[in-house]
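To start, the structure under review is shown below, and the notes come after it.
Read-outs throughout are calculated quantities, based only on the coordinates presented, and are distinct from any laboratory measurement. Everything quoted here is computed from the prediction, not taken from an experiment. Every residue, glycine as well, gets a Cβ built from its backbone with ideal geometry; the counts of neighbours run over all protein chains shown.
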Amino acid sequence: MTTSDFKKGMPLKYKGETYIITAYQFVNPGKGAAFTRTKIKNVKSQKVIEVTFRSDEQVEEANMEYKKCQYLYSDGSEYHFMDNTSYEQFSMGSDIVGDQASYMMDGGNVTIVFVDNQPVSLQLPPKMEFKVIESPPGEKGDTATGGNKQVTIETGAKVAAPLFIKEGDTIRVNTETGEYAERVT
Amino acid sequence: MQKFPARTRRNCTALSAKESFEHLQQKAKKEVWIAGRIIGILDDGFVLQDESDRIDLRRDGKVNVGAIVETRIQGKYEVGDDGQEHLVFDAFDVEVLVPQCDDFFIQPTDSNYRRAVIDRSIREKMVQRATVVDGIREFFKGEDFLEVDTPQMVRLPGMEPYLDVFKTLFVDTAGASEDMFLITSPEYALKKMLVSGFEKIFQICKSFRNKETDSQLHNPEFTLLEWYRGYASYQEIMSDTERMVEFLARKIYGEPKITYQGTMVDVAAPWPRVKVKDLFDEYADIPVEAFEDEKRFREVVRKKGYKVDDTTPYDGLFFSVFMNEIEPKLGFDKPVIVYEYPASMAALAKKCPDDERYAERFEVYIAGMELCNAFTELNDSAEQRERLEQEHEERQKMGKELYPVDQSFLRALEFGMPPSGGNALGVDRLVMLLTDTPDIRDIIYFPHRDL
């Protein structure tokens, strides 16, 4: 593959090791081929390095597999999952799961990305529906953010939502940005 | 009251109401009216924002977030729960000038967000941006330069093989059409003005480079500053660049220092000047003898682990090392002037008189960011013709769209352009550096992504 195939979360081989792209941007010095500057994370050591690839350069792909899994529970430091096909159980640390934990429900389905048979990242649907379990009453709100307020969804996470959202409403949340998308009911 | 009234009773801004309400109310003995958008609801009122500021207003009764209203206000001091006196305002006669839209809840990621509610930090950046542009004009006018204006739509674009051009269709009154192009820089036209006898000129204009998206450093439509000095070389341009950036830093911060993403950069002139070949030695451990011998250079780059082979063009070798090992480290204490580029990488620059393998070109790096690209301009029309033809061939090899070599530019050089120096400097990047903004899209009000 080349730099035009790059996406966040995509695995690649670099100097014999497997990395995940965590950030990338296009840079063109204008007097030679364009480049793509990346931050890539080593799947074994979790170390992040910065590498700049030439646009015409062949970048080695890494073997990646998506597996449908079930989120079982968290013991505080590790998140435990089960592979829906093999029923094998495994865990991932909070350094990998990160903020996505806010949108995982016990028993819920998630897609987990395996690189070289190692779980490296978690993919939630881009938008998910949650019930609002707590919403400050009436039209009180945080004035600085222009007409919205903090509501709590069933996973316990807080989301900035419009003033008209009430307890018991179901809302759709953008799991990448953590932002309210729309009201479902 | 009529819907969408044309006139308002506003006679005061939110900011001046807060700062001088006593004077307004008592001395002027008149009603004070303010107007703006309701941006939030309070327990006992609402928050109004106009361009000057935000103000909390107390009022019973329902108002809608998002509506643009005018209201009469009265301020007074009240002792709060903390025992301190606070200035509070009551709102009376709230009149809706423009009703809110049905679902006035705008995500910060929505491109309409900036248009609906001024984010005060972005407004501040727009003020600073204007200060930088004013400052550039002030600097060059102080140096007795003439500001000029040359076309952004041209018959033939620049030839740089690695730039992609925007094409547009021109139609004349009779209906005949012709391809025209948006400039990648105003260079050709400004050089034609040097030929005519203008000696100190500058232009601030939009330039266009296609395919440059997905980046914090590029916007396909961007603002470029170019200036040229006749009877001068790139030495004088280096000094202009140093003095201009120092001038702007003093104008904005009151001292020749800027802080960019946690790094303090001292921009006081003069700046260190380093030859390209010495940079490769210093940062990438490539001795000058290896840098100057393409075969050895290729081998060293390959051994470092970069994916290069015998077909990789020279600048592919150069930039693989430069972008990975050199650029990210340049210009963190002081800006760095990087000069004397390999001649093959400077099609519009004059070769160094003492070493024809290099050309009189320089770039400036501040905090790891390229700011500008400058030359002692090539004024030998025969050599310029040859180099443009080489670029034409290179475009052909790369499968890029081909344009004829611009004969009017070469013809102008044949008439004679005095020895000159010139620089092309990215104004957006300068604004980023001077406002500590890492993403170009935050100092352009309508970046391409949000169109």
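What is the local net charge at residue B:402, summed over the other residues whose Cβ is closer than 15 Å to its Cβ (Lys, Arg +1; Asp, Glu -1)?
With Lys, Arg at +1 and Asp, Glu at -1, the net is -4.
Report the Cα centroid-to-centroid distance between the range B:1-79 and the range B:377-414 in angstrom, as an integer.
62
In a shell of Cβ-Cβ distance under 12 Å around residue B:245, excluding residue B:245 itself, what net charge do Lys and Arg (+1) and Asp and Glu (-1) give?
+2
Straight-line reach from residue B:200: which lysines have Cα under 22 Å away, leaving out those fewer than 8 places along the same chain?
B:141, B:191, B:192, B:350
Reachable aspartates and glutamates from residue B:125, Cα under 16 Å, same-chain residues fewer than 8 places away excluded?
Those aspartates and glutamates meeting the cut-off are B:51, B:53, B:134, B:428, B:436, B:439, B:442.
For chain B, compute the orientation-averaged projected area of the C-alpha convex hull (one quarter of its surface), in nm².
Across all orientations, chain B yields a mean hull projection of 30.5 nm².
Between the alpha-carbon centers of the range B:163-199 and the range B:317-337, tell me the distance in whole angstrom.
A separation of 33 Å, based on Cα centres.
Holding the Cα-Cα limit at 21 Å, pick out from A:15/B:304; A:13/B:303; A:67/A:131; B:307/B:351; A:8/A:158 the pairs that are longer than that. List each step's numbers first, then the result.
Values: A:15/B:304 10 Å; A:13/B:303 18 Å; A:67/A:131 27 Å; B:307/B:351 30 Å; A:8/A:158 25 Å.
A:67/A:131; B:307/B:351; A:8/A:158, as the Cα separations exceed 21 Å there.
Over chain A, with a single point scatterer placed on each C-alpha, what log10 of the ratio I(q)/I(0) does the Debye formula yield at q = 0.10, 0.18 1/Å?
Here the Debye-derived log intensity ratios amount to -0.54, -1.11.
Per-residue HN-Hα couplings for the range B:233-249, Karplus 6.51 cos²θ - 1.76 cosθ + 1.60 at θ = phi - 60°, whole Hz, x for Gly and Pro?
In residue order, the calculated couplings are 10, 5, 4, 5, 5, 4, 5, 4, 5, 4, 5, 5, 5, 4, 4, 5, 5 Hz.
Can you give the helix-only mean residue ellipticity at 222 nm for chain B, where every DSSP H stretch with n ≥ 4 adds -39500 (n - 2.57) and the sum goes over all residues, rounded to the nearest 500 deg cm²/dmol?
Working: 12 runs with 133 residues, N = 451.
After summing the helix terms and dividing by residue count, I get -9000 deg cm²/dmol.
Residue by residue through the range B:374-379, what is 3J(HN,Hα) from phi via Karplus (6.51 cos²θ - 1.76 cosθ + 1.60, θ = phi - 60°)? Round to whole Hz and write x for glycine and proline.
9, 9, 7, 6, 5, 10
So for the range B:14-105, if I pair up every lysine 8 or more residues apart or on another chain, how many of those pairs have alpha-carbons under 22 Å apart? It would help to have the intermediate numbers written out before the result.
Values: B:18/B:27; B:18/B:29; B:18/B:30; B:18/B:76; B:27/B:76; B:29/B:76; B:30/B:76.
Eligible lysine pairs with Cα atoms under 22 Å apart amount to 7.
Wrap a convex hull around the Cα atoms of the protein assembly as shown, take a quarter of its surface area, and give that in square nanometres.
37.9
How much net charge surrounds residue B:307 when only other residues with a Cβ under 11 Å from its Cβ are counted (Lys, Arg +1; Asp, Glu -1)? Walk me through the intermediate numbers first.
Details: positive: A:15, A:54, B:302, B:304; negative: A:56, A:57, A:60, B:309.
Charge balance near residue B:307 sits at 0.
List, in order, the whole-Hz ³J(HN,Hα) value for each residue of the range B:56-64 obtained from phi through the Karplus relation with A = 6.51, B = -1.76, C = 1.60 and θ = phi - 60°; use x for Gly and Pro.
For the range B:56-64, the Karplus curve yields 8, 10, 8, 6, 8, x, 8, 10, 10 Hz.
Separation of the range B:418-432 and the range A:54-133 by C-alpha centroid, Å?
48
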